[in-house]
1. Take region 260-277 and flag every residue that is of a type in the set (A, V, I, L, M, F, W, C) and either in a loop (DSSP other than H, G, I, E, B) or open to solvent by 10 Å² or more (accessible area, probe 1.4 Å) (or both).
2. Among what's in region 73-132 and is touching a Phe, Trp or Tyr at 6+ places or on another chain (Cβ under 9 Å) and open to solvent by 70 Å² or more (accessible area, probe 1.4 Å), pick the residue that is nearest to A58 (Cα to Cα).
3. Between residues in region 216-244 that are over 24 Å from T92 (Cα atoms) and open to solvent by less than 30 Å² (accessible area, probe 1.4 Å) and residues that are in a loop (DSSP other than H, G, I, E, B) and not hydroxyl-bearing (S, T, Y), which pairs lie under 6 Å by C-beta distance while being six or more apart or on different chains?
4. Touching a helix residue (DSSP H, G or I) at 6+ places or on another chain (Cβ under 6 Å) and hydroxyl-bearing (S, T, Y), is that true of S385?
5. So which of A249, A293, A298 ends up being under 23 Å from V459 (Cα atoms) and in contact with a Phe, Trp or Tyr (Cβ under 6 Å, 6 or more places away or on another chain)?
6. Given the criterion at pLDDT 90 or above and either open to solvent by 20 Å² or more (accessible area, probe 1.4 Å) or among the hydroxyl-bearing types (S, T, Y) (or both), identify the matching residue among V178, V257, V198.
7. State whether one or more residues within region 143-157 are open to solvent by 10 Å² or more (accessible area, probe 1.4 Å), modelled with pLDDT under 90 and among the aliphatic types (A, V, I, L, M).
8. When you look at T241, is it modelled with pLDDT under 90, β-branched (V, I, T) and within 25 Å of the chain's Cα centre (by Cα), yes or no?
Amino acid sequence: MPERLLPIWPVADRTLAEPTFVRLAGALVAGIGAIALAIVLVLFGPLPAALVLPGIVATLLILSDVRAGLWVVLAVIALVPYAVIPVKIVITPPLLEMTGLGVLSVWLLRLFLRRDETIPSHPLLVAVMLFIAVAVFAFVLGVDRGYSSQTYHNFAKFLVSVSLFFVAWSSLQGPADVRRFTGVFLVLASVAAAIGLVLYAGGPRLTLAVLARLIPYGYPDTRIVRYIEDDPAKPMRLTSTSVDPNSFAGLLALAVVLAVTMTVAQRPAIPRWPAALAAIVSGSALLLTYSRAGWLGAAFGIGLVALARYRWLLVPGGIGLASASVLGFGERFVERLWQGFMLQDPATRMRLEEYRTALAIIRDYPAFGVGFGAAPTIELWTGVSSIYLLIAERMGLLGLGTFLVAVMGIAWTGWRTWHRMAASAEGDLLLAWLGAQAAALLIGFFDHYYANISFPHMVATFWLTQAIVLVASTRSTGTQHTEGGTA
C-alpha cells in the first residue's frame, strides 16, 4: 500500500459510536465553530478571526495524534515562536507553551489510558532525565539570586521544551514517521525563510510595517528591524518572524543540512527537487541573517555529510567558494566572517569577555553553578554566547557533564548505526539528521540559544533533533530487532 502523508489517524475505524451519531456530532461542532468565528469577527476584527480557524485545526491535530501534535509545535517554532494567545489569565499564555503542554498532556493521557503503550527504554533516556534533574536542582539553589516572575515562567517553558524529547522518542515509531517529520520540518523552515526573504527584499519599511502588526500578539515593540552590530549604516539582517536573526539562523542551518543531504542522497527519503528548492530558499535566508555561527554550523554539517559518504560534494563546494571570492560575489559575507576570525569586530570581542566571565563563575561555583538569576557579584554577569559555558555557569559542571553524556551518547549511537546501514534510504535519512545534530553542536560553541531559557523554541528544536537521531538510530529496519526501542 502507498505510504500515507499523514499519520494513521486513530479515529474513524475505532469509534464505538454509530456513524450517524458521528456525522451529527461533526455537524454540531462545525456549527458551533462557525458561530464562534462570527462572534470573534464582530467583536475583535478580521485578524483574530483569521487566527481562530488555524487554532481549531491545530487543536484537532494535537488531540487526534501526538505525532501530528509535534508538527504543530514545529509550525509554531518556525512561523510564530514569540506569539501569545491575546487573553490574559494571570499571564498571557505563549502559543508555544500552550501547544507544547497540549502535546505533553495528550501523550501522558495516552500512557495512562492505554496499557499497551509505554515509553520505550534506552540507557540514554536516563542521561536526559539526569540533565533535567540537575537543571531543576540548580534552579532551586539559585532562587535567592533575583528571580522574577518571568524567570519562573521562562524556566517552565524550558522544561516543557526539553520534555518534548521524550514525546518524540516515544511516539515516532520508525523510518516512516521520521520521514514525515523531516518533510514537515523542511516545508515549515522553507516557508519561514521565504517570508524572511520577502520582508528583506522589501527593506526596513516593509519589515517594520509587517512585524509591527504582531506586537499585540506578544512580539517586541523595539528592535524590530535588525542590523549588523545594531548599526543602521550597515546591512539589515534577515529575521522573518523569529525576531532574532541569530536564533533564526540556528533553525535554518539545520534545514539547510537536511535539505542538501536529501538533494544529493542516492536514495533520498524526501523527493529530490523539493529538497533542492528548500536548500536554495533556506540557504539564501541563512546567508542574509549574517549569523557567522549559523554559516559555520551549516558548513560543518554539510562537510561532515560529504566526508562520511558524498566526498564529491567537496569539489563543487570548494570551486563555488573560490569563484565567489575571486569574482567578488558575497564580499560582505566573506568580510564579516573574516572579521570574526581575526577578532576585529565588537561582537567577537564582547564574546571573548563573556567567555572570561563565564570561566570565572564556573571556577567559583563548579558543582551546580549559580542558577538562572543574576551573577553573585556586580563584577560578573551571567549570559555567554556558548551553550556549553552557559550550561556550566547555570547548572555547574554536573549539568554540563550530563548534557554531554546525553548528546554525545546519541551522536555515538547514531554514527555506529549509520555505518551498518549507510547504503540504504534510511541510512541517508539518518546521515542527514546526524549532520543537522553536528551543525547544532558546533553552533553551540559560538551562540547560546539552544540552551537559553529565554529561547524555548530553540531549546525545543535542539532536543527534538536529538530525539530524531535516536529514533532513526534504534528503530530503523536494520536495527529494530537488535536494539531496544520498539513501542
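1. Taking region 260-277 first, the residues of a type in the set (A, V, I, L, M, F, W, C) are 260, 262, 264-265, 269-270, 273, 275-277.
Selection gives V260, V264, A265, A269, I270, W273, A276, L277.
2. Ranking the candidates gives P86 first.
3. I228/K234; I228/P235
4. Working: touching a helix residue (DSSP H, G or I) at 6+ places or on another chain (Cβ under 6 Å): yes; hydroxyl-bearing (S, T, Y): yes.
For S385, the condition - touching a helix residue (DSSP H, G or I) at 6+ places or on another chain (Cβ under 6 Å) and hydroxyl-bearing (S, T, Y) - is met.
5. Working: A249 fails: in contact with a Phe, Trp or Tyr (Cβ under 6 Å, 6 or more places away or on another chain); A298 fails: in contact with a Phe, Trp or Tyr (Cβ under 6 Å, 6 or more places away or on another chain).
From the options A249, A293, A298, the qualifying one is A293.
6. Details: V178 fails: either open to solvent by 20 Å² or more (accessible area, probe 1.4 Å) or among the hydroxyl-bearing types (S, T, Y) (or both); V257 fails: either open to solvent by 20 Å² or more (accessible area, probe 1.4 Å) or among the hydroxyl-bearing types (S, T, Y) (or both).
The conditions single out V198.
7. yes
8. Working: modelled with pLDDT under 90: no; β-branched (V, I, T): yes; within 25 Å of the chain's Cα centre (by Cα): yes.
No.
The values are calculated or read from the model by the stated rules, or taken from the named source; none is laboratory data. What you are looking at is a predicted structure, and each value in this text was computed from that prediction instead of being measured. Using ideal geometry, Cβ is built from the backbone for each residue, glycine included, and neighbour counts are taken over all protein chains shown. Areas reflect the complete protein model, heavy atoms only, side chains present, ligands, DNA and RNA absent. Shrake-Rupley method; radii C 1.70, N 1.55, O 1.52, S 1.80 Å.
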